[in-house]
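No lab work stands behind these numbers, since they all come straight from the coordinates. Everything quoted here is computed from the prediction, not taken from an experiment. In this analysis, Cβ positions are derived from the backbone assuming ideal geometry, glycine residues included, and neighbour counts consider all displayed protein chains.
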Amino acid sequence: MTWSSTSAAPLGERPHITLFGRRNAGKSQLLNAITGQNLAIVSPVAGTTIEPVLKAMELHPREGGGRP
């Protein structure tokens, strides 16, 4: 699967995924890895990213099918 930014579908019609967990558990780093962008600040200091980060994404199957 590949990811890309999108705004094709209205926000209310898209599935919403939330990353949540303990402080300093790697949520921001995971978001950055999934999007391939530096959307969230990553730091060893707990509580660095306290503001919500919203990112519209679209999932595309890879050619030939199968899993990533």
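Quick look at the numbers
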| read-out | value |
| --- | --- |
| Members of segment 44-55 found to be over 11 Å from residue 23 (Cβ atoms), surrounded by 12 or more Cβ atoms within 10 Å (Cβ to Cβ) and not charged (D, E, K, R), listed by number | 53 |
| Qualifying positions in segment 32-43 - over 18 Å from residue 58 (Cα atoms) and surrounded by 13 or more Cβ atoms within 10 Å (Cβ to Cβ) | 40, 41, 42 |
